[in-house]
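*Asks:* Okay, handing you the structure first.
The values are calculated or read from the model by the stated rules, or taken from the named source; none is laboratory data. Since the model is a prediction, treat every value here as computed from it, not as a measurement. Neighbour counts run over all protein chains shown; Cβ positions are idealised from the backbone, glycine included.
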């Protein structure tokens, strides 16, 4: 555990997921004394976010994290296999990567420390109303007043608990997100790409990892989970698409809560929010993580402006809106269809007869920010 009590930091980044580690790396490489604080123990097991979209991959390479990404042996994914009721269709997609989040997070933490950042795990961080940061770790309590605070502690983070101005607006009717890592292939899964099975109670997606295991992500209606439990709701979706098999009863599902939620604001004073901590609108496969990476990679100009005493709150928020506006329209449309299997079944049957379907499926992939 590093001694940080006597140090003065230019930037404190809270959360060591992809968005937080990218921000910490960019800031540390610029010469800023950067602290990366994480509440979990590292290395850790993480089941959320099994795919990286093309835009996220490109942003990582542009930020100099390509070697760290390659070190975890990501598996290329070039096809999307969709199932709705009795209809099935396969589409070519721009290359995604299937990644094991625990390995990726550890590799990115190492890249951040190689860039000069100080990393503390098992650390509870709180942002005060004056933009100070209180840390509790290893029996110590500290207070830091950095020039910049980047909050990247995800959907369930507590670092902004004292900041009512950053409160959540959560759509309680939106689907619940769940994830798991399995040793055996999920029922009805195709090994060469992303498989998505869509039913009236939600949809289940899966892809293979480079180590032979499988990552599964599901978006299920709250009502289905209440009525059938997680296993029962997943099985219902599989059965509706013609698969009788079940995931193993021992499967440990990790819940991420409602998939549509917004922050009252994304920035204020010296505090910038990135990744899921900044808000979440049900994304397509692999996009949520990539959104956070792309925003974090762009943090340096805002850090410089804050250092000059400028208020960048409006600019930070508007830049995020510009980047995501069109993608959110696409995500809402596609995810909405996924929860209407009769409509999606018709679309899949129709698409097999249209010559531009391959081109259209490529355009759905988020390839640049």
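*Asks:* If you take the residues of region 17-33 that are surrounded by 24 or more Cβ atoms within 10 Å (Cβ to Cβ) and touching a strand residue (DSSP E or B) at 6+ places or on another chain (Cβ under 6 Å), which of them is nearest to residue 216 (Cα to Cα)?
*Replies:* Filtering region 17-33 for residues that are surrounded by 24 or more Cβ atoms within 10 Å (Cβ to Cβ) and touching a strand residue (DSSP E or B) at 6+ places or on another chain (Cβ under 6 Å), the one nearest to residue 216 (Cα to Cα) comes out as 20.
*Asks:* Can we say residue 358 is modelled with pLDDT of 90 or more and surrounded by fewer than 16 Cβ atoms within 10 Å (Cβ to Cβ)?
*Replies:* no
*Asks:* Now a separate question. Given the residues 139, 167, 188, which is the only one that is without any contact (Cβ under 8 Å) to a residue 12 or more places away in the chain and either surrounded by fewer than 18 Cβ atoms within 10 Å (Cβ to Cβ) or under 30 Å from residue 202 (Cβ atoms) (or both)?
*Replies:* 139
*Asks:* Scan 61, 39 and give me the residue that is in the same structural domain as residue 160 (by TED's automatic domain parsing) and within 19 Å of residue 210 (Cβ to Cβ).
*Replies:* Exactly one residue qualifies, and that residue is 61.
*Asks:* Go through (1) under 19 Å from residue 54 (Cα atoms); (2) assigned by TED's automatic domain parsing to the domain that holds residue 45; (3) touching a strand residue (DSSP E or B) at 6+ places or on another chain (Cβ under 9 Å) for residue 109 and report which single condition fails.
*Replies:* Evaluating residue 109 over (1) under 19 Å from residue 54 (Cα atoms); (2) assigned by TED's automatic domain parsing to the domain that holds residue 45; (3) touching a strand residue (DSSP E or B) at 6+ places or on another chain (Cβ under 9 Å) leaves (1) as the failure.
*Asks:* Out of 257, 177, which single residue is on the phi > 0 side of the Ramachandran plot and modelled with pLDDT under 90?
*Replies:* Matching residue, one of 257, 177: 257.
*Asks:* Also, quick follow-up: Would you confirm, using the coordinates I've provided, whether residue 161 is in contact (Cβ under 8 Å) with a residue 24 or more places away in the chain, assigned by TED's automatic domain parsing to the domain that holds residue 273 and surrounded by fewer than 21 Cβ atoms within 10 Å (Cβ to Cβ)?
*Replies:* yes
*Asks:* Looking at (1) within 19 Å of the chain's Cα centre (by Cα); (2) part of a loop (DSSP other than H, G, I, E, B), find the lone condition where residue 129 falls short.
*Replies:* (1)
*Asks:* Please count how many residues of region 289-307 are modelled with pLDDT of 95 or more, more than 19 Å from residue 19 (Cα to Cα) and either surrounded by fewer than 18 Cβ atoms within 10 Å (Cβ to Cβ) or touching a helix residue (DSSP H, G or I) at 6+ places or on another chain (Cβ under 7 Å) (or both).
*Replies:* 1
*Asks:* Next question. Considering 286, 242, which residue is within 20 Å of residue 219 (Cα to Cα) and at pLDDT below 85?
*Replies:* From the options 286, 242, the qualifying one is 286.
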